[in-house]
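Comments concern the structure below.
The values are calculated or read from the model by the stated rules, or taken from the named source; none is laboratory data. Note that the structure is a prediction, hence the values are computed from the model and not measured. Cβ coordinates were reconstructed from backbone atoms using ideal geometry, including for glycine residues, and neighbour counts include every protein chain displayed. For accessibility, only protein heavy atoms count, side chains too; no ligands or nucleic acids. Shrake-Rupley method; radii C 1.70, N 1.55, O 1.52, S 1.80 Å.
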Amino acid sequence: MLSQTLKYAYFPGCVAQGACRELYQSTQALTQALGIQLVELKKAACCGSGTFKEDSQLLEDTVNARNIALAEELNLPLLTHCSTCQGVIGHVNERLKESQTDNPAYVEQVNGLLHQEGCSPYRGSTEVKHLLYALVTDYGLEEITKRVTHKLTGLKCAAFYGCYLLRAQKSMPYDDPFNPEAMENVFRAVGAEPIYYRGRTQCCGWPLSSYATTQSFQMAGTHIQEALSNGADCLVTPCPLCHLNLDSRQPEVEKVIGQKLGLPVLHLPQLIALALGVSPKELGLDRHIVSTKPVLEKLGF
C-alpha cells in the first residue's frame, strides 16, 4: 500500500477542456479510482504548445514560469496529462532552473514581468511531471495491478508516445527517450499486450497540420498502418494533440492515403481506468471519432 496520498497541482491544459473533453473526464475518473488528489490550477494559462517561442522565448518562459509558480504556491509538483504541455512547461522549468545559476539576470527579468502583473515569482522549487510518469514512478505499477478488477486480457495495445514527451527536455530521468518502455509496462500491468512498431516514438504530424496538411496526414496514416500491420487493436496516447491527429482526423487521413484504417485511439487514462472497472460512458469512450466499440467488445464490456 502507498504510505501517503499522492497530491498534485493539476494543469489540465486547453485541449482536454475542449476538443478532447474525454481526456479531462478520464483523468478525473482514474485519479479518483486510485485515490490520487488533484488540485486544479484554474488560473493557469495555455502553455503555447511551442508556438510562443517562435515570436519570443521570453514570452514562452514568462507565461509558463507563471504556470509553474501557481504549483509552487501550493508546494506541489505540477501534473499534466498532455505530452506537449509536459514538453513545453518541463523545458521552461529546466531552462529557468539552469538560468538561476548561469544567468540570474534573466530569471529576474521574468520575475519582474510576473511582478508587474501581480503574479507570484518563479522559484524553481518544484517539478513538472506527466501523468504517465506519476503513475509509473510515484504510484507504482504493482499498486495499479492490485487495483485491476477487469483485466484487459487479449487486448493488443500500440503506444504512441509522440515526440514532446520524450525529447523536448535535455534530460529524461524516467525513460529512454529513443526506446521507452513506460507505456508498454503500464499495458502489461493491466493485462494488455504491448505492440511494438517503428512510429511509436515519432511525431504524429500535428505541428505540420496547419500549413502542410497532406504531409501531416501522410505521417499519421503511416503510423496507423504500421500499428495495424503489427496486430494492434488500438493506439494509446498520452497526448491530446496526437489524439486529434490520429483519431479526430483519421477519416481525413484515410482519404489522403487512400486506405480504410478504422483503428481506435484511446487516451492513456481511459485504458487504465477501464481495467479498474470504470464504465466506458464515464470515460467518454463514446466521444471518439473512430468507434471504440471493437475494443470494448473484445474486453467484454
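Side notes on the structure shown:
- Residue order by solvent-accessible surface for Arg147, Arg287 is Arg287, Arg147, largest first, with ligands and nucleic acids left out and a 1.4 Å probe.
- The heavy atoms of Ile144 offer some 0 square angstrom of accessible surface to a 1.4 angstrom probe.
- Of all accessible heavy-atom area on region 149-285, the percent that carbon and sulfur account for (1.4 Å): 51 percent
- Accessible area per residue for the chain, computed on protein heavy atoms with a 1.4 Å probe, is 42 Å².
- With a Cα cut-off of under 15 Å and a minimum spacing of 8 residues unless on different chains, the lysine pairs in region 145-301 number 4.
- Accessible area per residue (1.4 Å probe, heavy atoms of protein chains only) ranks Lys293, Lys7 as Lys293, Lys7, with the largest value leading.
- Between region 143-217 and region 60-118, the alpha-carbon center distance in angstrom: 26 Å
- Think of each Lys and Arg Cβ as +1 and each Asp and Glu Cβ as -1; about the Cα centre, that makes the dipole of region 165-288 roughly 260 debye.
- Reported value for region 157-236: 85 Å³ per residue, from the convex hull of its C-alpha atoms.
- For Val15, the accessible surface of its heavy atoms amounts to roughly 30 Å² (probe 1.4 Å, protein chains only, rounded to the nearest 10).
- Unit charges at the beta carbon, dipole of region 153-226: most positive-side option, Pro173, Leu155, Trp206: Trp206
- Averaged over residues, the count of other Cβ atoms within 10 Å places the peptides 262-274, 73-85 in the sequence 262-274, 73-85, highest first.
- The chain, dipole about Cα centre (Lys/Arg Cβ +1, Asp/Glu Cβ -1), debye to the nearest 20: 660 debye
- Of every Cα-Cα pair in the chain, the percent that sits beyond 36 Å: 16 percent
- Sum of -39500 (n - 2.57) over DSSP H runs of 4+, divided by residues of the chain (222 nm, nearest 500): -12500 deg cm²/dmol
- Ellipsoid semi-axes for region 1-96, based on the Cα gyration tensor and the rule √(5λ), read 24, 16, 10 Å when sorted largest first.
- Among Gly221, Thr237, Phe187 the positive-end extreme of the charge dipole of region 131-269 (Cβ point charges): Gly221
- Other residues with beta-carbon under 14 Å from the beta-carbon of Lys43 carry, at +1 per Lys or Arg and -1 per Asp or Glu, a net charge of -2.
- Accessible surface comparison of Tyr164, Tyr196, probe 1.4 Å, protein chains only, largest first: the order is Tyr196, Tyr164.
- Highest average packing first - 245-251, 124-130, 112-118, 96-102, Cβ atoms within 10 Å: 245-251, 124-130, 96-102, 112-118
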